[in-house]
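Right, one structure below, let's go through it.
Just so you know, all these numbers are worked out from the coordinates, no wet-lab data involved. None of these values were measured; they are calculated from a predicted model. Here the Cβ is made from the backbone with ideal geometry for all residues, glycine too, and neighbour counts use every protein chain on show.
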Amino acid sequence: MKQVNLQLFGAFSELDASREIVVEVPGDRVADLRQVLRELLPQRWPQFRAGLLDYSVFADQQCVLRDHEHLPEDGRVAILPPVSGG
């Protein structure tokens, strides 16, 4: 299990006042984190638009992370929902 400190941006910041949650991920890839969130969001925050997860990306301090990539060693990941406007 890998502990991930997930920084929340945009609509996801509504999930916790600290704008960060800690999740345990049974794997080391971004896809594993996405799967954990698919299960966790409807259970813990049933009113949240969980479908937003499908259109959101994850990033570390340097770049956007694709689902096949490894989670960062330090366990710090941001979730970025899609945005529109200028």
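Observations on the model:
- The H on the amide N of F9, modeled in the peptide plane, is under 5 Å from the matching H of I79, each at least 5 residues off or on a different chain.
- For GluC sites (Glu not before Pro), the sites in the range 1-81 that DSSP calls loop and that have at most 10 other Cβ atoms within 10 Å are E73.
- Within the range 66-82: backbone nitrogen closer than 17 Å to the E14 label point (7 Å, Cα to C-beta): 79-82
- Amide H contacts of L65 (H built 1.01 Å from N, under 5 Å, at least 5 apart or other chain): F58, A59, D60
- In order along the range 41-53, phi translates into HN-Hα couplings of 4, x, 6, 8, 10, x, 7, 6, 6, 4, x, 4, 4 Hz, rounded to whole numbers, per the Karplus curve 6.51 cos²θ - 1.76 cosθ + 1.60 with θ = phi - 60° and x for Gly and Pro.
- Inter-label distance for M1 and E39, nm, one decimal - labels placed 7 Å from Cα along Cα-to-Cβ: 1.1
- Gyration tensor over the Cα atoms of the chain: the corresponding equivalent ellipsoid has semi-axes (square roots of 5 times the eigenvalues, largest first) of 18, 16, 12 Å.
- Sites excluded, trypsin sites (Lys or Arg not before Pro) in DSSP loops with at most 14 other C-beta within 10 Å, longest stretch of the chain: 20-48
- For R76, the residues whose modelled amide H falls within less than 5 Å of its own, excluding neighbours fewer than 5 places apart on the same chain, are N5.
- Here the extension length gained between V23 and E73 equals 16.5 nm, from 0.36 nm per residue of separation less the Cα-Cα distance.
- Counted over the chain, the DSSP beta bridges are approximately 75% antiparallel.
- Residue-averaged [θ]222 nm for the chain, counting only DSSP H segments that reach four residues, each worth -39500 (n - 2.57): -5500 deg cm²/dmol
- Structure remark: mean-square fluctuation, Gaussian network model of the chain, C-alpha springs under 10 Å; the largest value among Q43, Q35, Q62 belongs to Q62.
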